[in-house]
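Report on the following structure.
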Amino acid sequence: MPGVFYRRPDPEDPPFVEAGDTVEEGETIGLVEVMKNFHDIEADSAGTISEFLVDDEAEIEADQELVTIE
Amino acid sequence: MITIQEGGIASTVQDRGRFGHYHIGMPPSGAMDKYAHTVANYLVGNEADAATIEMTYQGITATFDEDTVIAITGADMSPSLNGESIGTWETVAVDAGDELELAFATEGARAYLAVAGGIDVPEVMGSRSTYTLVGIGGHEGRSLEEGDELPIGEADDTPTDLVGTQLDDEYVPAYADEDTVRVVLGLTDYRLTEESKETLCEAEWTVSPEADRIGYRLEGPEMEFKEREQPFGAGTDPSNVVDLGYPIGSIQMPQKPIVLLQDAVTGGGYATVGTVISADRGLLAQRQTHKSVYFEDVDVDEALAARKERDERLETIRAEIESTD
């Protein structure tokens, strides 16, 4: 969905995950803000994060790829 | 009955709205895109005021426990029935046990699901519309969630003969291209400098992530107000005026515009510099976050003519659908 992508749960907090981290399927890796609400973005597969394709606080669109997990 | 498997991110039951309570601070709620809501109802043989499900950006997944007919209009959320893609702006037959699934919106922001007989939640103060801020109407006054069960109203006679009716292409809005909405300037546009007033109707505005059923906050150039000594009763900020009623669609201007929509506050002390006309509010409600919007200045006569044209188009659509009956 179109909104703003956040890598941190709170501006003061560290990012949910970094490139190189191992994630489980369903683990929260970021947030998208849309309509004044924050929705969790969950990993759609388990693996290691190889790359973030968008920056923190970037504007994103529906169907956009955010992260590469290998 | 419809059982919700996945509620999407903001799906609510809406009809045409809850009227007659504006003076006590109660906005009407109701479908954000009345045109899409109404056409969906006509396609399944309902009256325009039957309740539909309004879905925002992400559609629902739901199962039906009875045979019926449905129509999905508005934003394109790639609907499928038992995994098979189905058409939009079209009457579709559903069998008991079928699973309907909608994905995310590829064009537009809001889709409408109408079912023959309407979504039969109880009326609250004369309407089935959900007003989530207060928690009334619709299904328990809130957005739909997994496990919710929605009753379907009695259709006079399930209109299976409408199945396959497809709205003529000329009546299907191209939401992605509709970036201009018409506004009537006022009530307090005199507060803006002449330069800002011109900028309002020339600038490219962008829908911010803070855009929902309450209001659409837009990003764009900073607006400037004429200097004055604030009158008694008005706040100290230059954007403040003595409290006044806010028409639905009015553009409130706390420096950057917020277009007040179906669930908005009904009055207050911000300058409202214009009002998006009723015929174009549905198009605004279909603009996705990050998309641009332009305001075109029209007078009240043009606004009324646009509303009449929209209503006549809906009547034509209704007649065409009934003639295929």
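Annotations for the structure displayed:
- Residue check, residue B:247 away from chain A (no Cβ under 14 Å), under 23 Å from residue B:278 (Cβ atoms) and part of a loop (DSSP other than H, G, I, E, B): yes
- Sole residue being in contact with a strand residue (DSSP E or B) (Cβ under 9 Å, 6 or more places away or on another chain), modelled with pLDDT of 90 or more and within 14 Å of chain B (Cβ to nearest Cβ), chosen from A:53, A:31: A:31
- Condition met for residue B:178 (among the acidic types (Asp, Glu) and farther than 25 Å from residue B:262 by Cβ): no
- Some residue of the stretch B:102-117 being closer than 21 Å to residue B:82 by Cβ, more than 19 Å from the chain's Cα centre (by Cα) and surrounded by 19 or more Cβ atoms within 10 Å (Cβ to Cβ): yes
- Single residue of the stretch B:57-75 satisfying the filter (surrounded by fewer than 24 Cβ atoms within 10 Å (Cβ to Cβ) and among the polar types (S, T, N, Q)) that is nearest to the chain's Cα centre (by Cα): B:58
- Test result for residue B:184, outside any loop (DSSP other than H, G, I, E, B), touching a helix residue (DSSP H, G or I) at 6+ places or on another chain (Cβ under 9 Å) and without any contact (Cβ under 8 Å) to a residue 60 or more places away in the chain: no
- Selection status of residue B:112, modelled with pLDDT of 95 or more and assigned to a helix (DSSP H, G or I): no
- Residue in the stretch A:12-30 that is in contact (Cβ under 8 Å) with a residue 24 or more places away in the chain, under 19 Å from residue B:211 (Cβ atoms) and part of a strand (DSSP E or B) present: no
- Boolean, residue A:60 is under 13 Å from the mean Cα position of the chain (by Cα) and within 14 Å of another protein chain (Cβ to nearest Cβ): yes
For every residue, the table says whether it meets (1) more than 28 Å from residue A:38 (Cβ to Cβ); (2) within 14 Å of chain A (Cβ to nearest Cβ); (3) surrounded by fewer than 24 Cβ atoms within 10 Å (Cβ to Cβ).
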{"position": "B:10", "(1), (2), (3)": "no, yes, yes"}
{"position": "B:14", "(1), (2), (3)": "no, no, no"}
{"position": "B:19", "(1), (2), (3)": "yes, no, yes"}
{"position": "B:25", "(1), (2), (3)": "yes, no, yes"}
{"position": "B:29", "(1), (2), (3)": "no, no, no"}
{"position": "B:40", "(1), (2), (3)": "yes, no, no"}
{"position": "B:45", "(1), (2), (3)": "yes, no, no"}
{"position": "B:50", "(1), (2), (3)": "yes, no, no"}
{"position": "B:54", "(1), (2), (3)": "no, yes, no"}
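- Residues that are under 23 Å from residue B:127 (Cα atoms), in contact (Cβ under 8 Å) with a residue 12 or more places away in the chain, part of a helix (DSSP H, G or I) and assigned by TED's automatic domain parsing to the domain that holds residue B:224 do not occur anywhere in the stretch B:313-323.
- Those residues of the stretch A:1-28 which are under 11 Å from the mean Cα position of the chain (by Cα), within 14 Å of chain B (Cβ to nearest Cβ) and of a type in the set (A, V, I, L, M), in sequence order: A:4
- Subset of the stretch B:187-207 (residues that are surrounded by fewer than 20 Cβ atoms within 10 Å (Cβ to Cβ) and within 14 Å of another protein chain (Cβ to nearest Cβ)): B:206
- Taken over the stretch B:285-312, the criterion of being under 29 Å from residue B:45 (Cα atoms) and either β-branched (Val, Ile, Thr) or outside any helix (DSSP H, G or I) (or both) is satisfied by B:286, B:287.
- Hits in the stretch B:199-235 - residues which are among the acidic types (Asp, Glu), modelled with pLDDT of 95 or more and not in a loop (DSSP other than H, G, I, E, B): B:202, B:219
One line per residue, one yes/no per condition, for (1) outside any strand (DSSP E or B); (2) in contact (Cβ under 8 Å) with a residue 24 or more places away in the chain; (3) among the hydroxyl-bearing types (Ser, Thr, Tyr):
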{"position": "B:237", "(1), (2), (3)": "yes, no, no"}
{"position": "B:242", "(1), (2), (3)": "no, yes, no"}
{"position": "B:256", "(1), (2), (3)": "yes, yes, no"}
{"position": "B:264", "(1), (2), (3)": "yes, yes, no"}
{"position": "B:280", "(1), (2), (3)": "yes, yes, no"}
{"position": "B:283", "(1), (2), (3)": "yes, yes, no"}
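- Residue A:41 part of a strand (DSSP E or B) and away from chain B (no Cβ under 14 Å): no
- Boolean, residue B:244 is buried (at least 19 other Cβ atoms within 10 Å of the Cβ), under 25 Å from residue B:211 (Cβ atoms) and of a type outside the set (Asp, Glu): no
The values are calculated or read from the model by the stated rules, or taken from the named source; none is laboratory data. Since the model is a prediction, treat every value here as computed from it, not as a measurement. Note that each Cβ is placed from the backbone with ideal geometry, even for glycine, and that neighbours are counted across all protein chains shown.
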